[in-house]
Amino acid sequence: MNSSQSGQATLCVPDLKGKVILITGGSTGIGAAAARAFGRNGAKVALNYNASGAEAERVSDGIKASGGEAVLIQGDVTQPDASARITAEAVRAFGRIDVLVNNAGALVRRTPVDQYTDEFVDAVLDLNVKQVVRFIRDVSIQMRKQGSGGSIINVSSIAARHGGGPGSVIYAAAKGFIATATRGWAKELVKDRIRVNAVSPGVIDTPFHERYSTAEQLAAMQATIPMNRIGTSEECVGAFLYLASEELSGYVTGQIMEVNGGQYMP
Ligand code: NAD
């Protein structure tokens, strides 16, 4: 096991120092690992969380202890007014936003076709599509006002490429929307020097699979991964740091970075 599998990656990205990063759903899993890594690089992290207040406090304490700054912003991102309020609170705390990480998302529940309801489809699309669209709108308006460009990092999924596992088609399609829209937003916002990319995790060991996947389902997924193991949140961190950094990825936009142990090769 290497350091990024087991613990905290020590990647050092100098141009992230002092940058303001807004992360949605940042109290657990991949978002929390990215938030801590931005903190270790001296960034100012506006961390949105919904239900996991204690976990959010721990992430915030870790960021501060490692030399970054953090402010916690509670809010259910599916509420229509949440993105405007959370964006405004991040700007009130740190004066600007340089990087947006649209991380909040979930499968909601595994549901076969014959059990679809409008309520279920709305819930998946509200969380994985509509709130992302609102954050793109509100944060890009803010970045345009600042006039110095920015980086937006969406979170798609390997499910967008293969259609999802059992009962997760609507979630997979929602993540496909994010991948497609990432390419379109990249072209539309390039005139404002805003780069838009996505990280597409494979099977990553987070509370996501604790909620939605059985041990048997995880074993079946693992069998399809050339590296023959499930990834960790820390192993996703490098992709976020890279895409956030103007120095490292200033000529990169409209890309979907697959972090999946070789499970899917575009
Ligand atoms: P996670 O459950 O730990 O993280 C999701 C975060 O989103 C949580 O902190 C949760 O509280 C937050 N969230 C959910 N609903 C919210 C709401 N209404 N308002 C605000 N926050 C909300 O799981 P994760 O695996 O770290 O997921 C992070 C992202 O990665 C998600 O977009 C997920 O779809 C995506 N993803 C995960 C995997 C995986 O294998 N774990 C694979 C592909 C994509």
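The values are calculated or read from the model by the stated rules, or taken from the named source; none is laboratory data. Note that the structure is predicted; figures quoted are calculated from it, not measured. All Cβ positions, even for glycine, are placed from backbone atoms using ideal geometry, and neighbour counts span all protein chains on display. Only protein heavy atoms, including side chains, enter the accessible area calculation; ligands, DNA and RNA are left aside. Shrake-Rupley method; radii C 1.70, N 1.55, O 1.52, S 1.80 Å.
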Taking segment 221-237, which residues are surrounded by fewer than 18 Cβ atoms within 10 Å (Cβ to Cβ) and in contact (Cβ under 8 Å) with a residue 40 or more places away in the chain? Met221
Would you call Tyr171 among the aromatic types (Phe, Trp, Tyr), modelled with pLDDT of 95 or more and open to solvent by 60 Å² or more (accessible area, probe 1.4 Å)? no
One residue from Asp138, Asp114 being closer than 24 Å to Gln217 by Cα, more than 11 Å from the ligand (Cβ to nearest atom), assigned to a helix (DSSP H, G or I) and charged (D, E, K, R): Asp114
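Listed here are the residues, each with its yes/no results for (1) surrounded by fewer than 20 Cβ atoms within 10 Å (Cβ to Cβ); (2) in a strand (DSSP E or B).
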{"residue": "Gly164", "(1), (2)": "no, no"}
{"residue": "Gly176", "(1), (2)": "yes, no"}
{"residue": "Val190", "(1), (2)": "yes, no"}
{"residue": "Glu258", "(1), (2)": "no, yes"}
{"residue": "Met265", "(1), (2)": "yes, no"}
Asn197 vs (1) in contact with a Leu (Cβ under 6 Å, 6 or more places away or on another chain); (2) surrounded by fewer than 21 Cβ atoms within 10 Å (Cβ to Cβ); (3) modelled with pLDDT of 95 or more: all pass except (2)
Condition check: more than 12 Å from the ligand (Cβ to nearest atom), open to solvent by 20 Å² or more (accessible area, probe 1.4 Å) and not aliphatic (A, V, I, L, M). Does Arg183 satisfy that? yes
Of all residues in segment 14-25 being part of a loop (DSSP other than H, G, I, E, B) and surrounded by 22 or more Cβ atoms within 10 Å (Cβ to Cβ), the one that is farthest from the ligand (Cβ to nearest atom): Lys19
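For every residue, the table says whether it meets (1) open to solvent by 70 Å² or more (accessible area, probe 1.4 Å); (2) assigned to a helix (DSSP H, G or I); (3) modelled with pLDDT under 95; (4) farther than 23 Å from Ser148 by Cα.
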residue	(1), (2), (3), (4)
Ala56	no, yes, no, yes
Asp61	yes, yes, no, yes
Gln79	yes, no, no, yes
Leu100	no, no, no, no
Please enumerate the residues belonging to segment 83-125 that are under 16 Å from the mean Cα position of the chain (by Cα) and among the acidic types (Asp, Glu). Asp98
With the structure loaded, tell me whether Thr28 is surrounded by fewer than 23 Cβ atoms within 10 Å (Cβ to Cβ), at negative phi and within 13 Å of the ligand (Cβ to nearest atom) or whether it fails that test. yes
Flagged in segment 118-135 as touching a residue at least 60 places away in the same chain (Cβ under 8 Å) and either more than 11 Å from the ligand (Cβ to nearest atom) or in contact with a helix residue (DSSP H, G or I) (Cβ under 6 Å, 6 or more places away or on another chain) (or both), in numbering order, are Phe135
I'd like to verify a number: residues in segment 81-98 that are open to solvent by 40 Å² or more (accessible area, probe 1.4 Å) and outside any helix (DSSP H, G or I), how many? 3
Determine whether Ser157 is part of a loop (DSSP other than H, G, I, E, B), open to solvent by less than 50 Å² (accessible area, probe 1.4 Å) and touching a residue at least 24 places away in the same chain (Cβ under 8 Å). yes
